[in-house]
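Contents: one structure, followed by commentary.
Read-outs throughout are calculated quantities, based only on the coordinates presented, and are distinct from any laboratory measurement. These numbers come from a predicted model, not from an experiment. Cβ coordinates were reconstructed from backbone atoms using ideal geometry, including for glycine residues, and neighbour counts include every protein chain displayed.
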Amino acid sequence: MYFVKVLLAAIAIGLISPGAMAQTATTSPQEFVKAAASSDMFEIQSSELALRKSKTSRVKEFARMMIKDHTNSSKRLIAAAKKDDVAVAPEMTSKHAAQLEALSNDSSGAFDNAYVDAQVAAHQ
C-alpha cells in the first residue's frame, strides 16, 4: 500500500503545471512565496528525516528524489523572488513545522506510512 502512495505522490509532482499554478492568481506574490518556500522546506526536512528513519529502500529512494526536486525548486523560487523584490521567509509555517514535528516524534513503528501520507497530502 505504501508503494502505491509513493507512486501517487510522484505522479502528483508531475501534474503541477502552469495551469495548476494559475489557480493561485488571487494570492499575493508574498503569500505565494511564503507558502511555496515553507512547502519546500517541509519536503526537504521531512525527506531528510525519512532517510534517517525509514527501513525501506523505496521510501529512501523517493526521499532522495524529494530532496533533489525541492532543493531545485527552492533555488528557482529564491531567484524569482529576488528578481521581483519579494522576501523569502527563512522558516516554515507553523502548519508545516507541526507536521514535521509529528513525523519526528512518530514512535508508532509506522514512520514510512506517516511520511508517505504527508507527501501525498502535500502534493494534492
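Charged side chains reduced to their Cβ positions (Lys and Arg at +1, Asp and Glu at -1) give segment 28-122 a dipole of some 340 debye around its Cα centre.
Oblate is the label for segment 30-118. Its Cα gyration tensor axes, ordered a ≥ b ≥ c, give a/c of at least 1.5 and b/c at or above a/b.
Roughly how far apart, in whole Å, are the Cα centres of segment 22-86 and segment 92-124? Between the Cα centre of segment 22-86 and that of segment 92-124, the gap is 14 Å. The ratio of the alpha-carbon radius of gyration of segment 35-74 to the globular-protein estimate 2.2 N^0.38 Å is 1.10.
When you count the other C-beta atoms within 10 angstrom of each residue and take the mean per peptide, 78-89, 43-54 line up highest first as 43-54, 78-89.
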